[in-house]
Amino acid sequence: MATSDTIVEHQKEQSASDWSGGRPAFRTSYGKLMMWYFLLSDAFTFAGFLIAYGALRFSSPTWPVPDFVFSTAPFGVHHAPLIFVTIMSFLLIASSVTMVRAVQEGHLENKNGVVFWMLLTILGGAGFLSCQAWEWTNLIGTEHMSVTTNPFGTHTEGGVYLTADGKESEETFKAGESFLIHKAHEGHGGEEHGDGEHAEQDFSQGDHPGYLVDERGFVHRKFKITEGPNAGMVKTEEFGPKAFGALFFFITGFHGFHVFSGVIFLLIIMLNAGSGLYMKRQNGHEMVEKIGLYWHFVDLVWVFVFLVFYLL
Amino acid sequence: MSDLTYDEARKVVYRGLVLLAVVTLIEVFFSLLGKGHVISAFKGITWLHYTIGLLLISLSFYKAYFIIYEFMHMRYEVKGLAMSVLLPTVLLIWAIIAFFQEGNSWKSRREQIKEKNTEEVGQEPIQQESMLLKDTYILKLEDII
């Protein structure tokens, strides 16, 4: 009993003296404290975006399945759900680890160590950005997703696709399965169905027996429903919820912008560290520590972007 | 700063690398398992989907905790600093509940919203029974004159 009382009293004394002047608040430097509060406010911005994603996803009757949307990787890899984004996540985690090492070397006032580990961090960040650039290029250029168009749709009823001349094909699907609406006369990002026969088909705009070509050249395939109350009806593939494209590009874009500005600041601070500026300050390379906080935050945000966009 | 020696601190960092990588791999595995990529019979089982969702969310929060407390050195800061940064995020719990509820109710009223959007000024308002309470009586012009 007596010991715990003394501890409480000791703490009280300490916290009173913390605010009695002559000492930085929370026993940390002003710069680091303000970096923490900046990150807090940034966390609210990201949380706002991600919660908006959640609300819009809840409000839509269907939503594109992420492991169908994100199943391509460079060098012609297809049907590899989430593999490419997992690699991107590893890049960010690894660059976070090298950043911790840079901060540790900074505490030891080891200039060369700081520059070496920061360089690795920058490479990790640049690698992540390149991967994201490829992912966006693939989504925009090959799969024609945009802020207002989402060609990734979801079947709500089971059925069978029609062939080009309007007869039932062998290709069946169940409710909840996803599809991608392609453009006529273009590469399909490796989707295998129908590539061979497309050459002889008529893809002029309008209604065809087996599909409908809209004014932008998207080929909406027709299918016959075989399950549920609408069985026997012929329907046409429809675009998925518009909000998906807008949310994806805005949120991953905003995160990518954070990574990009992080890389720029890392570069500047690495050059300063290399020039010996922070050695002169003799404060354990505090600037490296501050940019380190920012860089870990970017990794932290990716944990949640990864969760809501790719995993759930 | 931390009370760890240089070698100890270095070990913590590399253990963190392995830990985060392994947790990420587990997350991806379970995500694919829940969507029926690993065992195709698991496709479309709702309760499994939600259980795995909860698991993924908890694993992500564990990763976030690890990054903040180890990599960002929150463990070694004064308690007041940690609380002043972490406690405000509790407000987000309210935001999540409120906005998800809003999204859900939007989904169930989609048809009604569509109809309401087609209304024009000066037109007879579209009367929808579902919108009104049972004992509601709409006053018409004839009732007054």
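Since every read-out is calculated from the coordinates, none of them should be taken as a lab result. This structure is a prediction, so every number in the text was calculated from the model and none was measured. All Cβ positions, even for glycine, are placed from backbone atoms using ideal geometry, and neighbour counts span all protein chains on display.
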Computed over segment B:1-91, the distribution of all Cα-Cα distances in 5 Å bins, rounded to whole %, is 3, 12, 16, 17, 14, 14, 10, 7, 5, 3, 0
Using alpha carbon positions and the Kirkwood radius, the Rg to Rh ratio of segment A:47-180 is 1.16
The longest stretch of chain B containing none of the trypsin sites (Lys or Arg not before Pro) that sit in a DSSP loop with at most 15 other Cβ atoms within 10 Å is B:44-108
Whole-number value, in Å³ per residue, for the convex hull of the alpha carbons of segment A:119-159 is 106
Taking 0.36 nm per residue of separation between residue B:86 and residue B:120 and subtracting their Cα-Cα distance, the length gained on full extension comes to 7.4 nm
If each part is reduced to its alpha-carbon centroid, segment A:83-100 and segment A:254-294 end up apart, in Å, by 19
Note on the protein assembly as shown: the mean projected area of its alpha-carbon convex hull, in nm², is 34.5
Using the Cα gyration tensor of segment A:192-312, the equivalent ellipsoid's semi-axes, largest first and to the nearest Å, work out to 55, 18, 11
In this structure, among A:111/B:11; A:111/A:290; A:235/B:43, pairs with alpha-carbon gaps over 23 Å are A:235/B:43
In deg cm²/dmol, rounded to the nearest 500, the helical mean residue ellipticity at 222 nm of chain A, built from -39500 (n - 2.57) for every DSSP H run of length 4 or more, is -17500 deg cm²/dmol
For the pair residue A:156 and residue A:77, the simple spin-label estimate (label points 7 Å beyond Cα toward Cβ) gives in nm 3.6
From fewest to most C-beta neighbours within 10 Å, the residues A:96, A:204, A:71 line up as A:204, A:71, A:96
For segment B:1-91, the dipole about the Cα centre with charges only on Cβ (Lys and Arg +1, Asp and Glu -1), to the nearest 20 debye, works out at 280
With the charge dipole of the protein assembly as shown built from beta-carbon charges (+1 for Lys and Arg, -1 for Asp and Glu) about the Cα centre, the Cα from A:102, A:146, B:57 projecting farthest to the positive end belongs to A:102
Contour minus Cα-Cα span, residue A:30 to residue A:203, at 0.36 nm per residue, comes to 55.8 nm
Placing one equal point scatterer on each C-alpha of segment B:24-145 and summing with Debye, one gets log10 I(q)/I(0) at q = 0.15, 0.19, 0.21 Å⁻¹ equal to -0.95, -1.15, -1.23
Residue separation between residue B:33 and residue B:94 times 0.36 nm, minus their alpha-carbon distance, gives in nm 18.9 nm
Among A:224/B:114; A:174/A:224; A:280/B:79; A:174/A:222, the pairs whose Cα-Cα distance exceeds 19 Å are A:224/B:114; A:280/B:79
When A:99, B:74 are arranged by how many other beta-carbons sit within 10 Å of their Cβ, fewest first, they go B:74, A:99
Quick calc, chain A, dipole around Cα centre from Cβ unit charges on Lys, Arg (+) and Asp, Glu (-), nearest 20 debye, gives 1560
Magnitude of the Cβ-charge dipole (Lys and Arg +1, Asp and Glu -1) of segment A:17-156 about the Cα centre, nearest 20 debye, reported as 360
Per-residue Cβ contact counts at 10 Å, fewest first, order B:139, B:55 as B:139, B:55
